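Undergrad: Below is a structure I'd like to ask you about.
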Ligand SMILES: [Zn+2]
């Protein structure tokens, strides 16, 4: 039953024999008979944000209310990025949530011009970059919106914004300030 269970498309027919008239239709016109293939599995680039999926669900809850935040250790005052479930210095799990500054400046950027991940093809070209937050010793990575990538520049002022990624989950990105 090898022919019935074949899942691969038949190999293209090679050039017709010389005796065949040139006007014969192309052999590739045969109707598709194999089962319709499922779409490729789409990777989910965004975290699952509910308490049963992550111990950092508070981070996403705060994004949902428009606040980009992170954890700070109340003992040694260290500020973490990304947010943590335990302090990397003293290992306490009793951490405070603090809002991060909304303003920052582009430290570096790049652009995705092609080869975007599945599901993001329609967004090409788009810019990503590192942003130094004003007044916090943190450098964050994220999408940069608001200008074409080739109009961005190092040191450009940006603002943090939170947004619904389309299915009720929220994430953050940066937008160039005018
Ligand atoms: Zn600590």
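The numbers here are math on the coordinates, done by the rules we state, and not lab data. Because the structure is a prediction, the values reported are computed rather than measured. Backbone-built Cβ (ideal geometry, glycine too); neighbour counts: all protein chains shown.
Undergrad: Please report 77, 139, 84 as a ranked list, fewest other C-beta atoms within 10 angstrom at the top and most at the bottom.
TA: With the sparsest Cβ surroundings first, the list reads 77, 139, 84.
Undergrad: Which length gain, in nm to one decimal place, applies between residue 110 and residue 91 when the Cα-Cα distance is subtracted from 0.36 nm times their residue separation?
TA: Length gained, residue 110 through residue 91: 3.3 nm.
Undergrad: What percent do you get for the relative contact order of region 101-178 when only Cα pairs under 8 Å and 6+ apart count?
TA: Computed value for region 101-178: 31 percent relative contact order.
Undergrad: Okay, next question. So how much slack lies between residue 44 and residue 149, counting 0.36 nm per residue of separation and subtracting their Cα-Cα distance, in nm?
TA: Extra length available between residue 44 and residue 149 comes to 35.4 nm.
Undergrad: Quick one: order 124, 176 by neighbouring beta-carbon count within 10 Å, fewest to most.
TA: The fewest-first ordering by Cβ neighbours comes to 124, 176.
Undergrad: In units of 2.2 N^0.38 Å, what is the alpha-carbon radius of gyration of region 101-178?
TA: With N residues counted in region 101-178, Rg over 2.2 N^0.38 Å equals 1.09.
Undergrad: Round to the nearest 0.05 the FRET efficiency obtained for residue 79 and residue 54 when R0 = 22 Å and r is the Cβ-Cβ distance.
TA: For residue 79 and residue 54, the calculated efficiency is 0.65.
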